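One structure below.
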Amino acid sequence: MYILRSASLNDLDDLYDLSQLMLFINLPPDKEIIKTKIESSIKAFTKPSRKLWENHYLFVLEDTKAQRIVGTSMIHAQHGTEDEPHYFFTVGQENKFSMSLNTGFIHGTLKLGLDTNGPTEIGGLILDPEFRKSDKKLGKQLSFVRFLYMGMFPDRFKDTIHSELMPPFDNEGHAPLWEAIGRRFLNLEYHEADVLSRSNKEFILNLFPSDTIYMTLLPIEARNAIGKVGDSTAPVKRMLESIGFKYMNEVDPFDGGPHYRAKLKDITPVKDLFEVEILIRDKIIKSDVESIMASLPTEDGTFKAAYISGNLNKGSPAKFIIDPEEAKELGLKEDFKTFATYL
Ligand SMILES: CC(C)(COP(=O)(O)OP(=O)(O)OC[C@H]1O[C@@H](n2cnc3c(N)ncnc32)[C@H](O)[C@@H]1OP(=O)(O)O)[C@@H](O)C(=O)NCCC(=O)NCCSC(=O)CCC(=O)O
């Protein structure tokens, strides 16, 4: 059985193991930083700040049999403030035409921009490779649990949801756009700059090119990386596009990874959110089993959910019947009312 829930301090060692799997700025391989992130997340779930940018929510996927965390995903309630703006490159075009030569060119362009009243950001989605591509769609569960939560608590988030996808990296782990622009203007390694930019954004505005950059002048590898995603992020692009997210013609100024956005109310699992009574009963009609992602009861403001199977009766409110064995595995003792959505 798999449970999705808010992270707790007992998850520290498992999250540290997960952080070793790839260089991921949202989950750096550093126990102190991960501990701070868990503590901040517990506060966000149980006593969210009115200053939305202080609220970082960390979700985990637990394999309850192995008692191990096998994946994680995050929400930052506001990314982009006066103190720490959201920086991006707008991807545009400039048409040039010479009448005397009767010839013209369409140039791709990049232009640095910033937002000081940014949207809610989802990120940090990572699943242990052993568990990927399972028929339980564990990656999708980890991604969609955030929409279940945001749909249940829309006041804790902005109206727009933003996501920054990872671009392809070359065999040595270099980002081609960084080599072409960032390195020349900042004289830092990509990961150094990425880490630095989490606590200090001033240097981006003051050192990066402030005028239009013509892509024509960039090496072909850098041009080809703009707005593209790497292989391991292809499922993310697919998932986001399928529920209403759109590419914004905006990319990360360091690595060129694409930015996707959607209005919270228009995201399919948020639109599909419904109230449901979960009933624990002996009689499940096996030929009529469906699955829903439902929030489960907790006592202390923490959050728990699971992708559960049973018989759905779409009344108002809807009823969902699960068998006692599944209820036991989920630690459920009695019927309850909750919210659910579909994957
Ligand atoms: C991204 C995940 C968590 C996805 O997990 P799984 O591979 O198990 O995915 P899944 O649940 O089986 O499938 C999810 C959906 O993606 C589709 N899918 C699977 N592989 C695909 C591929 N190669 N190309 C296109 N689509 C693909 C499946 O059919 C399914 O869609 P259908 O149901 O429609 O069939 C994992 O691959 C991973 O940990 N990747 C490495 C880390 C990473 O790159 N993380 C993203 C960083 S970017 C980020 O974090 C911001 C974005 C965010 O937070 O959401």
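Structural remarks
- Selection count, region 1-27, where residues are open to solvent by 30 Å² or more (accessible area, probe 1.4 Å), outside any loop (DSSP other than H, G, I, E, B) and in contact (Cβ under 8 Å) with a residue 60 or more places away in the chain: 2
- The helices (runs of 4 or more DSSP H) falling completely within region 127-231 that include 2 or more residues that are crowded, with 21+ Cβ neighbours inside 10 Å and at pLDDT 95 or above map to 138-152.
- Leu61 vs. criteria part of a strand (DSSP E or B) and either open to solvent by 60 Å² or more (accessible area, probe 1.4 Å) or more than 30 Å from Leu205 (Cβ to Cβ) (or both): yes
- Test: Thr36 is surrounded by fewer than 21 Cβ atoms within 10 Å (Cβ to Cβ) and part of a loop (DSSP other than H, G, I, E, B): no
- Subset tally (residues that are more than 8 Å from the ligand (Cβ to nearest atom) and closer than 30 Å to Ala77 by Cβ) for region 93-135: 12
- Taking the criterion of being charged (D, E, K, R) and more than 15 Å from the chain's Cα centre (by Cα), the residues of region 158-173 that qualify are Asp159, Asp170, Glu172.
- Only listed residue being among the small types (Gly, Ala, Ser) and surrounded by 15 or more Cβ atoms within 10 Å (Cβ to Cβ), chosen from Ala66, Ala44: Ala44
- As a summary of the residue check, Arg238 satisfies the conditions (1) away from the ligand (no atom under 11 Å from the Cβ); (2) in a helix (DSSP H, G or I); (3) over 21 Å from Ile25 (Cβ atoms); (4) open to solvent by 20 Å² or more (accessible area, probe 1.4 Å) except for the one numbered (1).
- The set of residues from region 98-126 being open to solvent by 20 Å² or more (accessible area, probe 1.4 Å), assigned to a loop (DSSP other than H, G, I, E, B) and on the phi < 0 side of the Ramachandran plot comprises Met99, Ser100, Leu101, Thr116, Asn117.
- Cross-chain or 6+ apart pairs with Cβ under 7 Å, region 133-149 first and not assigned by the TED database to the domain that holds Ser295, then more than 7 Å from the ligand (Cβ to nearest atom) and part of a helix (DSSP H, G or I): Phe144/Pro269; Phe147/Pro269; Phe147/Val270; Leu148/Pro269
- Residue in region 70-86 that is open to solvent by 60 Å² or more (accessible area, probe 1.4 Å), in a loop (DSSP other than H, G, I, E, B) and touching a strand residue (DSSP E or B) at 6+ places or on another chain (Cβ under 9 Å) present: no
- Residue match in region 308-328 (condition: assigned to a strand (DSSP E or B), open to solvent by less than 10 Å² (accessible area, probe 1.4 Å) and closer than 15 Å to Ile3 by Cα): yes
The values are calculated or read from the model by the stated rules, or taken from the named source; none is laboratory data. Everything numeric in this text was worked out from a predicted model, so none of it was measured. Ideal geometry is used to build each Cβ from the backbone, glycine not excepted, and the neighbour counts take in all protein chains shown. Quick note on the areas: whole protein, heavy atoms, side chains included, nothing else; ligands and nucleic acids left out. Shrake-Rupley method; radii C 1.70, N 1.55, O 1.52, S 1.80 Å.
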